[in-house]
C-alpha cells in the first residue's frame with residue numbers, strides 16, 4: 001500500500017457520509033515512536049513505561065482515582081469498550097529512522113494515530129510522514145518551537161515549547177534579582193547541536209539583551225559527543241557566573257563529570273530539562289548532581305496542591321520502582337489526551353480523531369501536570385501548559401519557581417566542587 005492511499009480512502013469515505021467505526025472491534029492500534037535503544041534508551045524506557053501505564057489504566061482501571069479520565073477501566077466507552085493496543089517503534093534518536101518507522105506504523109501496522117517522539121529532530125521527520133499520510137500525530141514532550149510553526153493540520157503538541165521555557169528562565173532570573181537580591185551575573189550557554197539545542201541557542205541570544213543580561217559565550221557541541229573537554233575549557237576561559245544548558249542524558253552526565261574534572265564551578269547551572277531530569281542523571285552522578293536547577297513541567301512535591309499527582313505516581317512507582325519525571329509524566333498525559341479524543345470521536349477514522357483533537361478542552365483537575373488544562377490553538381499547540389523550575393537538593397527535585405509554588409528556597413550559588421561534602 002502506498003503512503004497516501006489510506007488518507008485518500010478516508011477522505012472518500014468521509015465524503016460519502018460514512019465513518020470507520022470500531023463498534024465491532026475490540027482493539028485500537030496506536031503507534032508510538034521513541035528511542036528504545038541507543039544513547040537515549042534510558043529515557044525511552046521510562047517513556048514506554050508511562051505509555052503502558054496509561055494504556056493499562058484505560059483498559060483495566062485504576063481503583064479509587066476518580067478525577068483521572070478512564071480510571072473505571074472499561075476501555076473507551078463511546079467505542080463499546082474498545083481497548084488500546086500500543087505498537088512500539090524504536091527511532092534510536094535518528095531522524096531518518098524515525099521517519100521510516102512512522103511510515104511502517106502507518107502502512108504496515110495500520111495504526112490510527114501516532115504518539116512520539118521525545119527528540120525534537122525525530123519528531124520533526126516522523127510527524128512529516130504522518131502529515132502526508134493524514135494520520136494524527138500527538139507529541140507529548142518535544143519542545144522545539146518550530147514544530148508548531150509548520151502549518152500542519154495533523155500535528156498536536158501537549159507540552160509547552162522552548163519559546164515559553166526560555167522566557168521562563170529569564171523571568172526567573174529577573175524575579176530572583178528583584179525578590180531575592182541575587183544577581184545572575186555573566187551568562188554563557190552550552191547546547192547540543194540538534195534542532196532543540198540550536199533553536200534554544202537562538203532564543204537565548206535574542207532574549208538575553210531584552211532582559212538586559214550579559215551573554216559572554218555561546219557554545220554548541222555535537223550531539224552524542226564522547227568528550228566535552230574543549231567545550232568546557234572554553235566555558236572556563238569565558239568565566240561565566242551562570243551556564244544555561246540544553247543536553248540529552250549522556251551529554252548532561254558527561255558535562256557534569258567534565259566540569260568537576262576540570263574544576264569549572266559557575267555560580268549556577270540552569271538546565272533546559274531533557275537529560276537533567278532523566279532518572280539516570282541523579283542515579284549516575286549522585287551528589288555531583290546536587291544544586292543544579294532545571295526547567296520542568298512536573299514535580300512530585302506539587303502533589304500538595306494536586307493529589308492526583310501522588311495517586312498516579314504511586315501506581316507508576318509500585319509497578320516500575322521509579323517516580324515519574326517531567327518527561328514520563330508528559331508522555332502519560334499525551335496518551336490520555338489522545339485516548340480522550342478517540343473516545344469523543346467515536347471512530348477510528350483519522351479525520352474524526354483529528355476533529356476531536358481540535359475540539360479538546362480538558363481541565364487541569366483531570367491532569368497530573370501543573371497546567372490549567374489542554375486546549376489546542378490553530379497550530380496544534382496546547383495553550384494551557386506552563387513550566388516550573390526545580391533544584392536538585394538531597395537527591396530530589398524541589399520546586400523553586402514560580403516562587404508562589406516553591407517547596408523550598410533556592411540555594412544560590414552552588415558550592416564549589418572542593419566545598420561539597
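Every number in this text was worked out from the coordinates using simple rules, so none of it is lab data. Worth saying up front: this structure is predicted, and the values here are computed from it rather than measured. FYI the Cβ positions are ideal-geometry reconstructions off the backbone, even for glycines, and counts take in every protein chain you see.
Most exposed first by the Cβ proxy, i.e. fewest other Cβ within 10 Å, how do 330, 174 rank? If you can, show how the numbers build up before the last one.
On the way: 330 28, 174 14.
Result, fewest neighbours first: 174, 330.
If you take the square roots of the eigenvalues of the alpha-carbon gyration tensor of segment 117-267 and sort them as a ≥ b ≥ c, do you get rounded (a/c under 1.5), prolate (a/b over b/c) or oblate? Provide the component values of the computation, followed by the final result.
On the way: a/c = 2.73, a/b = 1.55, b/c = 1.76.
Note, shape of segment 117-267 comes out oblate.
Would you please classify the overall shape of the chain from the alpha carbon gyration tensor, given that a ≥ b ≥ c denote the square roots of the eigenvalues, rounded means a/c under 1.5, and beyond that prolate means a/b larger than b/c while oblate covers the rest? Don't skip to the end; give the middle numbers.
Numbers: a/c = 2.04, a/b = 1.69, b/c = 1.21.
Here the chain falls in the prolate category.
Nearest 10 degrees is fine. How inclined is helix 5-15 to the longest principal axis of the chain, computing both from alpha carbons?
Rounded to the nearest ten degrees, it is 60.
Report the Stokes-Einstein translational diffusion coefficient (µm² s⁻¹, integer) for segment 96-169, Rh taken as the Kirkwood radius over Cα pairs, at 37 °C with viscosity 0.692 mPa s.
Value of D from the Cα-based Kirkwood radius: 266 µm²/s.
Which distance in Å, rounded to a whole number, links the C-alpha centroids of segment 355-421 and segment 42-79?
22
Which ordering of 342, 182 is given by a fewest-first count of other beta-carbon atoms within 10 Å? Provide the component values of the computation, followed by the final result.
Working: 342 27, 182 16.
If I rank by nearby Cβ atoms, fewest first, I get 182, 342.
To the nearest 10 degrees, how steeply does helix 326-345 sit against the main Cα axis of the chain, on a 0 to 90 scale?
Relative to the chain, helix 326-345 is tipped by roughly 20 degrees.
What ranking of 167, 161 emerges when the number of other C-beta atoms within 10 Å of each C-beta is taken as an exposure proxy, fewest first?
Numbers: 167 16, 161 23.
Ranking 167, 161 by Cβ neighbours within 10 Å, fewest first, gives 167, 161.
Between segment 194-267 and segment 318-346, how far is it from one alpha carbon centroid to the other, in angstrom?
32
Cα axis of helix 95-107 to longest principal axis of the chain: angle in degrees, 0 to 90, nearest 10?
20
With springs only between Cα atoms under 10 Å, which of 238, 345, 55 fluctuates most in a Gaussian network model of the chain?
Ranking 238, 345, 55 by mean-square fluctuation puts 238 first.
For the chain, what relative contact order do you get, as a whole percent, if you take Cα pairs closer than 8 Å and at least 6 residues apart? It would help to have the intermediate numbers written out before the result.
Working: 882 pairs, mean separation 72.9, N = 421.
It rounds to 17 percent for the chain.
For segment 46-95, compute Rh as the Kirkwood radius over C-alpha pairs and then the Stokes-Einstein diffusion coefficient at 25 °C and 0.890 mPa s; write the answer in µm²/s, rounded to an integer.
Numbers: Rh = 12.0 Å.
This corresponds to a translational diffusion coefficient of 205 µm²/s.
Under the rule a/c < 1.5 gives rounded, and otherwise a/b versus b/c splits prolate from oblate, where does segment 180-248 land using the Cα gyration tensor? Don't jump to the answer; show the numbers that get you there.
Numbers: a/c = 2.32, a/b = 1.41, b/c = 1.65.
Oblate shape, in that a/c is at least 1.5 and b/c is the bigger or equal ratio.
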